[in-house]
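The values are calculated or read from the model by the stated rules, or taken from the named source; none is laboratory data. Note that this is a predicted model, so its numbers are computed, not measured. Virtual Cβ from ideal backbone geometry, glycine too; neighbours counted across all protein chains shown. Quick note on the areas: whole protein, heavy atoms, side chains included, nothing else; ligands and nucleic acids left out. Shrake-Rupley method; radii C 1.70, N 1.55, O 1.52, S 1.80 Å.
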Amino acid sequence: MITAEQLKGAEERVEQLNRYLNIEDKRIQWEEEQLRTQDADFWNDQKRAEEQMRLVKGLEKWIRGYEEVRNLADELRLAFDYYKEELVTEQEVDELYSRTIAAIESLELKNMLRNEEDSMDAVLKINAGAGGTEAQDWAQLLMRMYIRWAEAHGYKCSVSHLLDGDDAGIKTCTLEILGDYAYGYLKSENGVHRLVRVSPYNAQGKRMTSFASVFVTPLVDDTITVNIEPARISWDTFRSSGAGGQNVNKVESGVRLRYQYKDPYTGEEEEILIENTETRDQPKNKENAMRLLRSILYDKELQHRMQEQAKVEAGKKKIEWGSQIRSYVFDDRRVKDHRTNYQTTDVDAVMDGKLDGFIKAYLMEFGADTSKQ
């Protein structure tokens, strides 16, 4: 049974959220912005109207989120009092307390995601490190982990590109994860992930170390203005591999986009390579590849805007020992994040997508400090 101190603590956190989020100001702003949408000429400028609707919906989400935790806290107070009169059980009070704390923590975390890009969808790319089959199997395990995390949070997750490993696993894959604050949460996953286990691919049963890199960028849509120079784009097509019957190896539906990017700030040049095999429709794959290109260019602009380009480039270390952000040690039943020192012994749960503890620890320690991304 919860104590009076625990109840008081929950209520104080709700009041703090009320102040931090400026809920009363948001209510007033929402009413004002909502009135603008009722103008007879509102939809004459569709792009401006869509921006206005996003503003209104964004304010509404914060207000509804706070109202949810406020209502839960009020219900918890009533349940606590009713327990004294034996109108509810101890289990019912404890369950309501758990729901209330979970809702409070969820809103507290969202309050830390204040950057423009935090609320966007995410593109997550996984690359296997050196090590052959073992590293490629590790990359596939990570892919499954992030897909399970997305499913558990009600996000839509699709594989826009996948290259199978030589014998098992994958060499690389790109996931698109669609949902509110997907990028804000997943930006904590940027970096090298290290696996230590007795390899099923080693005949001597030796303990082996493998690495895979994870890069996360915000997924932008047509409402975000990104400068793309058509003359710097070139296309290749190729035949998609995998299941698919007669279409496989006969129709060149896969597309490969090459963009000769020139950094407008430093003058440095690099080739951005994007492959998309998401559908059997080549024009659709080209459209998806262009969307991914916009996301990459937008992310590059964000790094310049925040004056973090040098730190971001320094963070893209070689996929090897000493550069990892997190270690997964299967034999010792331990997963540890080296940035926050948060760790857990429930390895199976982590590999099934239960990453919220790591994400929360990262946001609690670094918040909006983009230098740690």
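The residues of region 90-130 expose on average 45 square angstrom of accessible surface per residue, using a 1.4 Å probe on protein heavy atoms. A Förster radius of 45 Å, combined with the Cβ-Cβ distance separating residue 225 from residue 338, puts the computed FRET efficiency at roughly 0.75. Residue 94 exposes around 50 Å² of accessible area when a 1.4 Å probe is run over every protein chain in place. What is the percent carbon and sulfur in the accessible area of the chain, measuring with a 1.4 Å probe over the protein chains and ignoring ligands? Ligands and nucleic acids excluded, carbon and sulfur reach 46 percent.
In terms of distances greater than 30 angstrom between alpha carbons, the cross-link table entries 110/156; 125/286; 262/336; 206/336 yield 262/336.
Accessible surface comparison of 297, 87, probe 1.4 Å, protein chains only, largest first: the order is 87, 297. With a Förster radius of 25 Å applied to the beta-carbon distance between residue 272 and residue 151, the computed FRET efficiency rounds to 0.25. When only alpha carbons are used to place a centre, region 251-272 and region 34-81 end up 40 Å from one another. Assuming R0 = 41 Å, what is the FRET efficiency of residue 365 and residue 84, from their Cβ-Cβ distance, to the nearest 0.05? It comes out at approximately 0.55. Counted by Cβ distance under 11 Å from residue 15, the other residues give a net charge of +2, where Lys and Arg count +1 and Asp and Glu count -1.
Quote the convex hull volume per residue of the chain, based on C-alpha atoms, as a whole number of Å³. Could the numbers behind the result be given before it?
Values: hull volume 73.2 nm³, N = 373.
Here the figure is 196 Å³ per residue.
Cβ under 9 Å from residue 342's Cβ, residue 342 left aside: what net charge do those residues give with Lys, Arg +1 and Asp, Glu -1? Neighbourhood net charge equals +1. Once C-alpha pairs closer than 8 Å and six or more residues apart are averaged by separation and normalised to the residue number of the chain, the relative contact order reads 15 percent. Dividing the summed -39500 (n - 2.57) terms of all DSSP H runs of n ≥ 4 by the residue count of the chain sets its mean residue ellipticity at 222 nm at -14500 deg cm²/dmol. Taking all protein chains as they are arranged and a probe of 1.4 Å, the heavy atoms of residue 159 leave approximately 60 Å² accessible to solvent. Stretching residue 54 away from residue 286 to a fully extended chain increases their span by 80.8 nm, per 0.36 nm per residue minus the current alpha-carbon distance.
Per residue, the average separation of C-alpha pairs within less than 8 Å and at least 6 apart gives region 9-120 a relative contact order of 31 percent. Only protein heavy atoms count here; under a 1.4 Å probe, residue 157 has an accessible surface of about 40 Å².
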